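The values are calculated or read from the model by the stated rules, or taken from the named source; none is laboratory data. These numbers come from a predicted model, not from an experiment. Note that each Cβ is placed from the backbone with ideal geometry, even for glycine, and that neighbours are counted across all protein chains shown.
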Amino acid sequence: MKRLIVHVGPGKTGSTAIQHTLRRSRSELSAENIAYWGHSLNLAPIQAYSWQGMSQGQLLKEMMQRKDLPAEFADCVARSFSTGPQQAIVSNETFGGQERWCIPLLRAVEHAGIDILVIAYVRSPLAKIQSAYSEGHLRRKTHPGRIRSFAEVGYRQRVAAPLEAFVHAFGDSVEVRNYDAVGDVVVDFMSAVGIDVKLPHILANVRPGPEAELIRAFYNDRQKGTVAPAEFRSFANPKHVDLEFDVLSWYRGLLPKEEDIVSAAHAMVDETKRLNALLAQRGQPLLSDRAELAIRPEISTDRLVGVLLQIVYSQHLRLSALEEENQLLIRSAKVGDKGRNRSVDDVTGP
């Protein structure tokens with residue numbers, strides 16, 4: 001029997017590392033008669049539909065708008081299996097929060113005679129919302145204006161309800177894993193789905209140390225518009241420097257305070273209980289609901305100065321290269337002017 005393994009995330013549980021590892025290890029998987037078909041069947045051997053080239057977010061919009069997409073999805077899966085593999089993997093972290101649209105896709109695949117295994121990773125809601133805040137509001141900025149503090153962003157979490165819906169739809173064909181307890185999520189994923197293939201470990205979205213994160217947040221806060229992580233690489237010295245600015249107090253004011261964590265812990269009680277119920281049913285270690293999970297980082301001023309020195313020196317190298325290039329252009333222009341003057345003299349004569 002053919003089997004489609006569907007990794008549904010959700011976000012902030014190692015999905016990118018799993019996807020990068022699977023994508024770069026397709027030849028090793030293929031040798032074991034296993035295929036990786038990407039997040040939207042974009043890597044499947046059968047490319048018959050326009051949505052196969054869409055991003056995860058675009059595919060979600062397409063799923064919401066088209067009632068015939070489940071039939072197309074199942075058709076593509078079935079035809080792709082006919083090319084040879086016994087098992088295939090799809091990894092799409094948006095599926096984990098969109099059960100209303102994802103379940104019909106997988107139902108259609110089941111009706112086509114293909115086994116389904118849904119696998120999801122869950123982590124402590126408190127840890128997850130802090131990780132999401134770090135990536136979405138400190139290392140990048142998706143809104144104009146200043147950076148919003150942890151308290152201003154609020155605590156949004158919706159993981160238990162979608163997974164409960166998947167369990168209701170597919171029963172024992174849903175595997176829920178405790179991300180906080182597995183260690184290496186890529187190794188655990190391969191073990192959980194029963195695939196004995198040793199793959200290279202590819203890290204992704206690794207959180208920087210608190211010093212680097214502070215500097216990124218400082219830079220992002222001073223940009224008027226949105227800021228992608230890559231923009232930090234072009235960071236330059238600011239034109240205006242406030243000698244009285246206390247960067248540590250500013251940074252700590254953004255992070256969750258004790259009362260914020262207590263409020264978040266109360267808000268996450270039901271979510272944590274529901275996730276633990278899913279884990280307990282499958283013999284998995286339970287998630288922690290301790291409010292003290294949120295430990296405010298200690299900032300090393302030595303490391304902070306070291307990072308700043310490296311940035312300043314890299315800017316020095318860039319400026320030196322630009323100055324050297326500018327001098328070459330000036331000399332080249334002068335040589336060109338002299339040559340044109342001699343040519344004019346030759347033509348006009350004495």
Hits in the range 86-112 - residues which are over 27 Å from A31 (Cβ atoms) and over 28 Å from the mean Cα position of the chain (by Cα): A108, E110, H111
Some residue of the range 95-111 being outside any strand (DSSP E or B), at positive phi and surrounded by fewer than 21 Cβ atoms within 10 Å (Cβ to Cβ): no
Residue list for the range 19-40, filter: under 27 Å from H111 (Cβ atoms) and either of a type in the set (A, V, I, L, M, F, W, C) or modelled with pLDDT under 90 (or both): L22, L29, I34, A35, W37
Qualifying residue in the range 267-277 (condition: modelled with pLDDT of 85 or more, farther than 30 Å from Y121 by Cβ and either part of a loop (DSSP other than H, G, I, E, B) or of a type in the set (D, E, K, R) (or both)): no
Matching helices (runs of 4 or more DSSP H) fully within the range 117-214 where at least 3 residues are of a type in the set (A, V, I, L, M, F, W, C) and either without any contact (Cβ under 8 Å) to a residue 12 or more places away in the chain or in contact with an Asp or Glu (Cβ under 7 Å, 6 or more places away or on another chain) (or both): 160-170
Residues (in contact with a helix residue (DSSP H, G or I) (Cβ under 7 Å, 6 or more places away or on another chain) and farther than 30 Å from E211 by Cβ) located in the range 123-163: R158, V159, A160, P162, L163
Of all residues making up the range 208-241, the number that are surrounded by fewer than 10 Cβ atoms within 10 Å (Cβ to Cβ), closer than 24 Å to L319 by Cβ, over 21 Å from the mean Cα position of the chain (by Cα) and modelled with pLDDT of 75 or more: 0
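Name every residue in the range 44-89 that is assigned to a helix (DSSP H, G or I) and either outside the structural domain of A31 (by TED's automatic domain parsing) or exposed (fewer than 14 other Cβ atoms within 10 Å of the Cβ) (or both), in order of residue number.
As a first pass, look at the range 44-89 and keep what is assigned to a helix (DSSP H, G or I): 50-53, 56-65, 69-81.
Answer for the range 44-89, where residues must be assigned to a helix (DSSP H, G or I) and either outside the structural domain of A31 (by TED's automatic domain parsing) or exposed (fewer than 14 other Cβ atoms within 10 Å of the Cβ) (or both): S50, G53, G57, Q58, K61, M64, Q65.
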Single condition Y133 does not satisfy, out of (1) in the same structural domain as A78 (by TED's automatic domain parsing); (2) under 23 Å from Q56 (Cβ atoms); (3) at pLDDT 90 or above: (1)
Residues of the range 20-43 classified as among the polar types (S, T, N, Q), crowded, with 18+ Cβ neighbours inside 10 Å and within 19 Å of I116 (Cβ to Cβ), total: 1
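Condition check ((1) within 26 Å of the chain's Cα centre (by Cα); (2) within 23 Å of L163 (Cα to Cα)) across all residues:
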site	(1), (2)
V6	yes, yes
T21	yes, no
Q65	yes, yes
R79	no, no
G84	no, no
Some residue of the range 158-173 being within 18 Å of the chain's Cα centre (by Cα) and within 30 Å of G225 (Cβ to Cβ): yes
